[in-house]
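A short reminder: the numbers here are calculations on the coordinates, not readings from a lab. Because the structure is a prediction, the values reported are computed rather than measured. Reconstructed Cβ throughout: ideal geometry from the backbone, glycine too, with neighbour counts over all protein chains shown.
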Amino acid sequence: MQAVKSYRAYYDEGSFVPYEPVTIPKGSQAIITILDFPISSTRKFEPTLTKKRPLSELRGFLKGKVWMADDFNDPLEEMKEYM
């Protein structure tokens with residue numbers, strides 16, 4: 001049994017263009033799956049590398065955007081019979 005590999009690519013003017021260099025042996029078979037979310041025709045999708053941020057940059061970035069109800073820990077009426 002031979003290995004099965006997946007490669008990401010985009011379709012451009014009749015050809016599939018891989019995001020990274022690919023070596024495919026001559027005579028290889030392929031199954032192509034088209035994902036149905038087209039890319040804007042005004043720009044070609046370029047893969048971007050995500051920059052890992054240090055934890056010190058992430059601390060507090062949601063400050064003021066998250067809230068919790070004052071009665072969050074109070075018992076629920078629906079659960080009183082089980083308590």
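Working out 0.36 nm times the residue gap between Ser15 and Glu57, then minus their Cα-Cα distance, what length gain in nm do you get to one decimal?
11.0 nm
Rounded to the nearest 0.05, what FRET efficiency do Thr23 and Trp67 give with R0 = 35 Å and r taken as the Cβ-Cβ distance? Could you check?
0.10
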